Structure formats: structure tokens, C-alpha cells
Amino acid sequence: MTVVRSPWSVVSKAILCLALCAMLFALCLPAGAQQPKKVPRIGYLAGSAATESTRAEAIRVALRELGYIEGQNIAFEYRDAELKRDRASEFLAELVRLKVDIIVVPGTGPARAAKNATKTIPIVMTGLGADPVEEGLIESLARPGGNVTGVTNLGRELGGKRLELLKEAVPKVARVAVLYEPVAGSVREVKELLPVAARALGLTIQPWEVRAADDFERVFAAISKWRPDGLFVPAAGPVMTANQKRIVDFALKSRLPSMYSLRLFVDAGGLMYYGADLADSYRRVAYYVDRILKGAKPADLPVEQPTKFELVINLKTAKQIGLTIPQSVLYRADKVIK
């Protein structure tokens, strides 16, 4: 049986097919013409492993509160400068080649390396212990100039206050060993600022320098021979931070009341910490990222100093070394570890 197709049927199908193709083409044109929205990329240079998880998480949470979701409308290029410190400059050069929108850096050394690597990509500091003006990173706190801004934590400026709190917590303390690493900011604090504060408090201080992990046992032996009744650890560099447990264990074994410039030492068993609320400072980094992505220039964004400080006392450690902290000091503590 032969089926005869109507010519009008064939024509109708052809017209319908052409119409469908035209519709699909019309729908595809706008989509094809639209450029995909650019996702800003943040070059993130990781710092000390001991503090990095707190720093990174605080920044991520604050960014989410501002509407930035990693993997959706913001992306990070992570580079670990702590494990491979000698490659920090190489990592920064790589981030510059990738043309990231912002570079986030920890510490004075990485900030200086970043500034040397680029004069155009905005650089956000996550909290320096040193004075960024004295270090040549910015022109002034109010008007940084250039491409660097962010947060500074007033690390060494608090040295006198830390000595004062140590004296209040342990009134009988008279001889304090100062264990330090010669990194940016710490040398001037130890050589110039602390002696002035110590004299005002009637304290005798003796600095002991550590440059490498192999130095600790020799320095510990020398400190023990000097017989101090307190230990003070100012702005800690990478060697000190990586060996925090050794330092804390030495203080415990020697029954030395100790004051630290980084809270992580007290969390690890040190006696006292006084300084900026670091989690709060890290959250402020998100503010700078947001402002810069919205068009602000680092040169016009004032560098912030901390507004929140915390005193943390480890009562478990006090008990271990046979020390009773005066109630007047405990009342002032923001956190007491029991």
C-alpha cells in the first residue's frame, strides 16, 4: 500500500522545524552574548600552622556574613608560607602572575615580600606585631598610601603592660628571663622598650636570643643557671611559634610564671597572655577585602589598630607551679582556663 503525503503536510513540518530552530537560536543568542560574571580571586599566604586555622576560619566566617561564599562568588589561591618559608617570595610572584585581585598576608616579613612583588595588586595585612610605618610598609596609619593596608596588633607596644600584669600576678617576681627570636619588631622591644618598663617596675630582665630550634637546650640551660623567677616571651617568630610546647614545658618544669605575646602559648599550657583579641582582628580582614572588591583603594583605607584586648590566665598551670593568682587579677581576666 502506498502512502501519499500531502504537500501541505510536508511544508507545515518544514515551517515548524524552522520556527523551532529560530526560537532556539534566539534563546541561545543572549546567553552566548553574556560574559560569565568574574569571580574575584584572593591570594592567601598562610602563616604559622599554630595560628592559621583560627585566622582562616575567622576570615571565612566574616566574609560569609558579608555575602561572600567560597567556591561561589569568591575564590582563594592558597599558598603555605609556613612550611616552605624560603619559598614565600616565589609563592607571591606566582600569585602576581595569576593576577589575583587581592593578596592577604600574615606578619611583617610576608607583607614586605608582597610589597616587593607588586605595586599594583592590593595587599591586606592580617595583623602585624611590628609598627607598619616604622617597617616602611605604609606612610601612615590614617593614610597608608601605596597598595598595603589592613590590621596591626600593637604587639611590642604592649610589652610594658605585659610586664606590669606579670608583676601584679606574681608580686614577688624580681628577675625575668626574656626569651625572644630576632624577628621584625622584637629586637627593638627587647633592647629598648622593655628595659624602660622593667626599671619602672623594679624588675631585672635578661634577654636570651633564639635563632634556630637547636638553640633551645643551650639557652634553657643558661636561663636555669641565671635563676630567674619569671619568664617573658615577646613577639614570637616562626621558630618560637613552632617550638611553643618546648618553651611551655620548660617554664612548667622550672616552675616559672610566664607571660606570652601569643595566646596559643597559654592554650598550650603557658600561664598568662595579654594582647589583642586576635579572632576579632582577623574578622576585620574581611572588611578590607569587601571594601577593595567594591572599588576602594588600599591607599585610602586606614590601617586599624585593635580595639579589643584580652587577658587570659591558665589556672591549671598556676596550680602546677604552686602559684596563687591574686583575686584582683583574676577579676580582670577575660578568660580563665581551669
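The values are calculated or read from the model by the stated rules, or taken from the named source; none is laboratory data. Everything quoted here is computed from the prediction, not taken from an experiment. Here Cβ is always computed from backbone atoms with ideal geometry, including for glycine, and neighbour counts include all displayed protein chains. Each accessible area value is taken on the protein alone, full model and side chains, heavy atoms only, with ligands, DNA and RNA left out. Shrake-Rupley method; radii C 1.70, N 1.55, O 1.52, S 1.80 Å.
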- Note on the structure: The correct count of residues that are more than 22 Å from Ala279 (Cβ to Cβ), hydrophobic (A, V, I, L, M, F, W, C) and either in contact with a strand residue (DSSP E or B) (Cβ under 9 Å, 6 or more places away or on another chain) or modelled with pLDDT under 90 (or both) in the stretch 134-171 is 7
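Yes/no per residue for (1) surrounded by 13 or more Cβ atoms within 10 Å (Cβ to Cβ); (2) over 21 Å from Asp290 (Cβ atoms); (3) at pLDDT below 80:
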| position | (1), (2), (3) |
| --- | --- |
| Lys37 | no, no, yes |
| Pro40 | yes, no, no |
| Leu63 | yes, no, no |
| Ile69 | no, no, no |
| Glu77 | yes, no, no |
| Ala81 | yes, yes, yes |
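Residue-by-condition table, conditions (1) surrounded by 19 or more Cβ atoms within 10 Å (Cβ to Cβ); (2) touching a Phe, Trp or Tyr at 6+ places or on another chain (Cβ under 9 Å); (3) within 30 Å of Tyr260 (Cα to Cα):
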{"site": "Lys115", "(1), (2), (3)": "yes, no, yes"}
{"site": "Pro122", "(1), (2), (3)": "yes, yes, no"}
{"site": "Gly129", "(1), (2), (3)": "yes, no, yes"}
{"site": "Pro132", "(1), (2), (3)": "yes, no, yes"}
{"site": "Leu137", "(1), (2), (3)": "yes, no, yes"}
{"site": "Leu141", "(1), (2), (3)": "no, no, yes"}
{"site": "Thr149", "(1), (2), (3)": "yes, yes, yes"}
- Count, please, the residues in the stretch 304-334 that happen to be at pLDDT below 95 and more than 17 Å from Glu168 (Cα to Cα). 6
- Task: Answer with yes or no whether Tyr273 is open to solvent by 60 Å² or more (accessible area, probe 1.4 Å) and either at pLDDT 95 or above or of a type in the set (Val, Ile, Thr) (or both).
- Result: no
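Yes or no, residue by residue, for (1) part of a loop (DSSP other than H, G, I, E, B); (2) open to solvent by 20 Å² or more (accessible area, probe 1.4 Å):
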site: Ile205; (1), (2): no, yes
site: Arg211; (1), (2): yes, yes
site: Asp215; (1), (2): no, yes
site: Ala221; (1), (2): no, yes
site: Leu231; (1), (2): no, no
site: Arg255; (1), (2): yes, yes
site: Ala279; (1), (2): no, yes
site: Ala296; (1), (2): yes, yes
site: Ile313; (1), (2): no, no
- Would you mention how many residues in the stretch 121-177 are aliphatic (A, V, I, L, M), touching a residue at least 24 places away in the same chain (Cβ under 8 Å) and part of a loop (DSSP other than H, G, I, E, B)? 10
- Kindly indicate the residue of the stretch 257-268 that is part of a helix (DSSP H, G or I) and in contact with a strand residue (DSSP E or B) (Cβ under 7 Å, 6 or more places away or on another chain) and also most open to solvent (accessible area, probe 1.4 Å) among those meeting that condition. Arg263
- Query: Among the residues of the stretch 178-203 satisfying the criterion of being part of a helix (DSSP H, G or I) and closer than 23 Å to Lys225 by Cβ, which is most open to solvent (accessible area, probe 1.4 Å)?
  - Reply: Lys191
- Task: Kindly indicate whether Leu301 is touching a residue at least 60 places away in the same chain (Cβ under 8 Å), open to solvent by 30 Å² or more (accessible area, probe 1.4 Å) and among the hydrophobic types (A, V, I, L, M, F, W, C).
- Result: no
- Query: Scanning for something closer than 28 Å to Leu201 by Cβ and open to solvent by 30 Å² or more (accessible area, probe 1.4 Å), does the stretch 233-248 turn up at least one residue?
  - Reply: yes
